[in-house]
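**Q** Quick one: the structure is below, questions incoming.
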Amino acid sequence: MRVVVTTQPALGHLHPLVPLARAMADAGHDVRLVSSASFQPQLERTGLPTASAGLDWLESEATATFPALDAVVGDDGKRFFLDEIFCGTAGLMAEDLIGLASGWRPDVIVREIWEFGGAVAAAILGVPCVVHGIGRWLNVEEVVDAGAARLRSLWSSAGLTGDDLNWVDGDLYLDVCPPSLDLPTRRPRPPHTRSLRPVPFDDTGTPGLSPPARRRGRPLIHVSLGTVSSRVDVLNAVLRDLRDLDADVVATTGNCDPVRVEPQPPSITVTDYVPLTRLLPSCDLVICHGGWGTVIAAAANGVPVLCVPAGADRPANAHACETAGMGLTIRPDHLQPGRIRADAKAILDGGTHQAGARQVRAEIDRMPSPQAIVQAVEDLA
């Protein structure tokens, strides 16, 4: 089969798709990752063939393309992303996908939940559409609520009939959320939902720091505020609290230059990037921003989390981790001196959150692997 995989231009959207895309390629299918022109280097690092389509923008530099984003904050900022950006970019993506199909017609289109151009292109081309979940089903409900009018207009302007928005669920919905991290929703899952094990993105081929050897009797903590975060003030506050803790710490800065981080004692290593697949198997605790990629990678390794969430789906992710018993949450505005250290020590010493993380890991282990789901995708074509 020829398989197009579409994603918004952000690592948090791309990385969850890669395990299934690689499994499809390993099964002999011709897979092509598609996103904006500026996002091609990130696509190419997966080792899969790529193509550019849609508006040329990057989520990490969204205000450069969408300057109105500067004027909105909090929930209004989230709604702007869901409606104006994620739904608003769908028309041009669909148009470019139709153009690509004139020379390379796909047999199936796989899209992530926040990229809708793939759904419209699949309907116009008459090919099946697979929707790859990221996080909980609640994310689908929220984007449909925010962008309903824009999505209906997009569908009708493409000459397609029906405005109940069921088309956003595709012909197969792949649910990557383990039950313990799920949250209630009003919008029911489609009957064609299949569970898919979330596999942490494997980027061990990319040069990066090797994590320190774990020292006997000392826990290892990973601190990350995301791959595109520049919240160096929050990162410095977190690391100040961990300096006197009897633990080793590896902190990654994402797109923030590590030189902006305050000098640290030998027990704390600061670098821009370490692949999670190389680090998390040795970790005892992850302190993070609550991004889905980091949270689910920690859960897949049975590692508890301490979340300092801000914006997007991160507060909901942090809440889900607390509800599942695998972590604690500190709001950024409650980040007082000593709070990180106290909560980290409580998690490391208590055992309750380790047990909760192991329970979520057991749920993930029981979910079908990407290799097992390939057949379900093949059956659609």
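The values are calculated or read from the model by the stated rules, or taken from the named source; none is laboratory data. Please read these numbers as outputs of a predicted model, since none were measured by experiment. Glycine gets a Cβ as well: all are built from the backbone with ideal geometry, and neighbour counts include every protein chain shown. Heads up: the accessible areas ignore ligands, DNA and RNA and are worked out on the full protein's heavy atoms, side chains in. Shrake-Rupley method; radii C 1.70, N 1.55, O 1.52, S 1.80 Å.
**Q** How would Lys345, Lys78 rank on accessible area, largest to smallest, probe 1.4 Å?
**A** Accessible-area ranking of Lys345, Lys78, largest first: Lys345, Lys78.
**Q** Something else now. Could you derive backbone 3J(HN,Hα) for the range 117-134 from the dihedral phi with the Karplus parameters 6.51, -1.76 and 1.60 (θ = phi - 60°), listing whole Hz in sequence and x where the residue is Gly or Pro?
**A** x, x, 5, 5, 4, 4, 5, 5, 7, x, 10, x, 10, 9, 9, 8, x, 9
**Q** Now, a different point. Keeping all protein chains in position, work out how much accessible area Asp333 exposes to a 1.4 Å probe, and write it in Å² to the nearest 10.
**A** 90
**Q** Then there's this: Explain nothing, just the number: dipole magnitude of the range 1-70 about its Cα centre with +1 on each Lys and Arg Cβ and -1 on each Asp and Glu Cβ, in debye rounded to the nearest 20.
**A** The dipole of the range 1-70 has a size of about 280 debye.
**Q** Quick check: with the 1.4 Å probe, what order do Ser267, Ser153, Ser35 take by accessible area, largest first?
**A** Ser153, Ser267, Ser35
**Q** Can you tell which of Leu335, Ile98, Ala310 lies farthest toward the positive end of the dipole of the chain, using +1 and -1 charges on the Cβ of basic and acidic side chains (Lys, Arg; Asp, Glu)?
**A** Value: Leu335.
**Q** Which far-off residues, 5 or more places away or on another chain, put their amide H under 5 Å from the one on Thr269, with H placed in the peptide plane?
**A** Residues meeting the criterion, in which the H sits 1.01 Å from N, are Val249, Val250, Ala251.
**Q** If you fit an axis through the alpha-carbon atoms of helix 232-242 and take the longest principal axis of the Cα set of the chain, what angle between them do you get, 0 to 90°, nearest 10?
**A** 40
**Q** Go through Arg45, Arg186, Arg2 and list them by solvent-accessible area, largest first, probe radius 1.4 Å.
**A** The ranking, largest first, comes out as Arg186, Arg45, Arg2.
**Q** Sort out for me the Cα centre separation of the range 116-145 from the range 67-89, rounded to whole Å.
**A** First find each Cα centre; the distance between them is then 19 Å.
**Q** Continuing with the same structure: Treat every Asp and Glu Cβ in the range 251-334 as -1 and every Lys and Arg Cβ as +1, leave all other atoms uncharged, and give the resulting dipole magnitude about the Cα centre to the nearest 20 debye.
**A** 100
**Q** Once neighbouring chains are kept in place and the probe is 1.4 Å, which whole percent of the accessible area of the range 115-194 is contributed by carbon and sulfur?
**A** That fraction is 52 percent.
**Q** How many Å² of accessible area per residue for the chain, probe 1.4 Å?
**A** Counting only protein heavy atoms, the per-residue value for the chain is 41 Å².
**Q** What does the net charge come to around Gly135 if you take all other residues with beta carbon closer than 13 Å to its beta carbon, with K and R at +1 and D and E at -1?
**A** Result for the neighbourhood of Gly135: -4.
**Q** Now a separate question. How charged is the neighbourhood of Ala381? Take every other residue with its Cβ under 13 Å from the Cβ of Ala381, and add Lys/Arg as +1 and Asp/Glu as -1.
**A** -3
**Q** Taking the square root of 5 times each eigenvalue of the Cα gyration tensor, what semi-axes in Å does the equivalent ellipsoid of the range 222-381 have, largest first?
**A** Output for the range 222-381: semi-axes of 28, 18, 15 Å.
**Q** Another question, then. Using a Debye calculation, one point per C-alpha and no hydration shell, please list log10 I(q)/I(0) for the range 218-269 at q = 0.13, 0.14 Å⁻¹ in order.
**A** -0.26, -0.31
**Q** Measure nothing but the geometry: give the 0 to 90° angle between the long axis through the Cα atoms of 314-323 and the longest principal axis through the Cα atoms of the chain, rounded to 10°.
**A** Long axis of 314-323 versus the principal axis of the chain: about 60 degrees.
**Q** Related question: Taking Cα atoms, how many degrees apart are the long axis of helix 352-366 and the longest axis of the chain, rounded to 10 and kept between 0 and 90?
**A** Compared with the principal axis, the helix lies near 30 degrees.
**Q** Same structure again: With the convex hull built on the Cα atoms of the chain, state its orientation-averaged projected area in nm².
**A** Reported value for the Cα convex hull: 17.9 nm².
**Q** Each label point is 7 Å from the Cα along the Cα-to-Cβ direction; what then is the distance between the points at Ala27 and Ala68, in nm?
**A** The answer from the label model is 4.1 nm.
**Q** Still on this structure: Please list the non-local residues whose amide H lies under 5 Å from the amide H of Val110, H modeled 1.01 Å from N, same-chain partners needing a gap of 5 or more.
**A** Amide H to amide H, under 5 Å and 5 or more residues apart or across chains, Val110 pairs with Val4, Val5, Thr6, Val130.
**Q** Additional query: Mind running the shape call on the range 1-143? Use the C-alpha gyration tensor, a ≥ b ≥ c as the square roots of the eigenvalues: rounded below 1.5 for a/c, prolate if a/b tops b/c, oblate otherwise.
**A** In terms of gyration-tensor shape, prolate.
**Q** So if each residue of separation counts as 0.36 nm, and I subtract the Cα-Cα distance between Gln40 and Ala381, what length gain in nm does that give?
**A** 120.0 nm
**Q** Using only helices, what value at 222 nm comes out for the chain when you add -39,500 (n - 2.57) per DSSP H run of length 4 or more and divide by the total residues, to the nearest 500 deg cm²/dmol?
**A** -10500 deg cm²/dmol
**Q** While we're on this one: Choose one of Thr161, Leu181, Ala119: the residue whose Cα lies farthest towards the positive end of the charge dipole of the range 118-199 (beta-carbon charges +1 Lys, Arg; -1 Asp, Glu; about the Cα centre).
**A** Final value for the positive-end residue is Leu181.
**Q** If you don't mind, another one. So, with +1 on the Cβ of K and R and -1 on the Cβ of D and E, and no other charges, what is the size of the charge dipole of the chain about its Cα centre, to the nearest 20 debye?
**A** Taking the Cα centre of the chain as origin, the dipole is about 1020 debye.
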